[in-house]
Amino acid sequence: MKKSLIIIFAIISILIPVRKNLAQLDYGFDFSKSGTAGLQFLKIGIGAKETAMGEAVSSLVNDANSVFWNPSGIAHIENYEVSFSHNSWLANSKHNSAVFAFPLESFVFAFSAATLQIKEFEETTALMPDGTGRMVSAGDYVFGLAAARRFTDRLSIGLQIIYVHEKLDDYSLNNVLFDVGAIYATGFRDLTLGFSLQHFGPDMRLLNQDFRTPLLFRLSASDKLIISEDFILTGAAELVHPTDNNEWVSMGIEMQLLKYVALRAGHRINVDEGKWSFGLGLTPPAFGSVSTRFDYAFVLSENVFDNVHRFSIMIGLN
């Protein structure tokens, strides 16, 4: 246990100085990077298990929801897998996703879709601040195809191509983006390293305004701190470097009890909202060839918005 704590503290002590150094990079302007990229809905965390652990999961993901964090994680899937996630997001919006993953030869493929649905609202103008009577709609859609492979018993690499559509009233934009990632088991204890580059693609243009993609670089490390027959404690830390905001560090833990119940908690450093998260996972015994997992996450909102609730279900077909 003592050695495990030393490892986690060492990871955190490395990631925090790195975050500070990255924050000092010269991007060619001396103002905040916030708001300099479009398609911000792509940065909303998907999956109750992952968000409950503070989103420090790029080295831990190994199921269908891996496509939203590190596409190389699907390489660990051995059977057909389907996942659904629902997120009661901000301002009465709804964030939903679905993934279907399956092995084929030496690869694992996954098809995914996610939507952000915003409730219609009435148009207002300077002359009619109480509303014009005209309703405005908006929303986002993303469809992905991922492929991953385990090149050795320690290294897996994955690639994903995603098509994105964003609509705001009569205006819309489309783009094709790419994700790439890798997970490496070091062989020292259960220490695993993960990295992913998300949302890489060309700039976009809307209303004569150019926008960059919300590029994210994730670097993560995790380890099983305690392992026994009926109890497993996993800890993880992750550095996230966006090109359009300040860097942050995520930390998370998971306590797995009797292989059927998991308690999770996470904390994010240097973010304005959603610093603390908690969650619960239930894995009932398999019913014939069908296995299931139910996950719930509660993310605390500290300032403006309501607390966020996420629900996920994972179904495996052996």
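The values are calculated or read from the model by the stated rules, or taken from the named source; none is laboratory data. If you're wondering where the values come from, they're calculated on a predicted model, not measured in any experiment. A quick note on method: Cβ atoms are made from the backbone with ideal geometry, for glycine too, and the neighbour counts reach across all protein chains shown. With ligands, DNA and RNA removed, areas are computed over all heavy atoms of the protein, side chains included. Shrake-Rupley method; radii C 1.70, N 1.55, O 1.52, S 1.80 Å.
The table below lists the values:
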quantity: Residue list for region 220-230, restricted to those being under 22 Å from the mean Cα position of the chain (by Cα) and surrounded by fewer than 20 Cβ atoms within 10 Å (Cβ to Cβ); calculated: Lys224
quantity: Meets criteria (surrounded by 15 or more Cβ atoms within 10 Å (Cβ to Cβ), under 22 Å from the mean Cα position of the chain (by Cα) and part of a loop (DSSP other than H, G, I, E, B)) for Leu60; calculated: yes
quantity: Enumeration of residues in region 113-163 that are open to solvent by 60 Å² or more (accessible area, probe 1.4 Å), touching a residue at least 24 places away in the same chain (Cβ under 8 Å), farther than 26 Å from Leu90 by Cβ and touching a Gly at 6+ places or on another chain (Cβ under 9 Å); calculated: Arg149, Arg154, Ile157, Leu159
quantity: Per-region count, region 231-255, residues in contact with a Gly (Cβ under 8 Å, 6 or more places away or on another chain), over 15 Å from Val271 (Cα atoms) and open to solvent by 40 Å² or more (accessible area, probe 1.4 Å); calculated: 1
quantity: Qualifying residue in region 85-92 (condition: open to solvent by less than 10 Å² (accessible area, probe 1.4 Å) and modelled with pLDDT of 95 or more); calculated: no
quantity: Hits in region 249-274 - residues which are hydrophobic (A, V, I, L, M, F, W, C), touching a strand residue (DSSP E or B) at 6+ places or on another chain (Cβ under 7 Å) and more than 16 Å from Ala237 (Cα to Cα); calculated: Leu257, Val261, Ala262, Leu263
quantity: Leading residue by the ranking (most open to solvent (accessible area, probe 1.4 Å)) among those in region 286-314 that are touching a residue at least 60 places away in the same chain (Cβ under 8 Å) and of a type in the set (Ser, Thr, Tyr); calculated: Tyr296
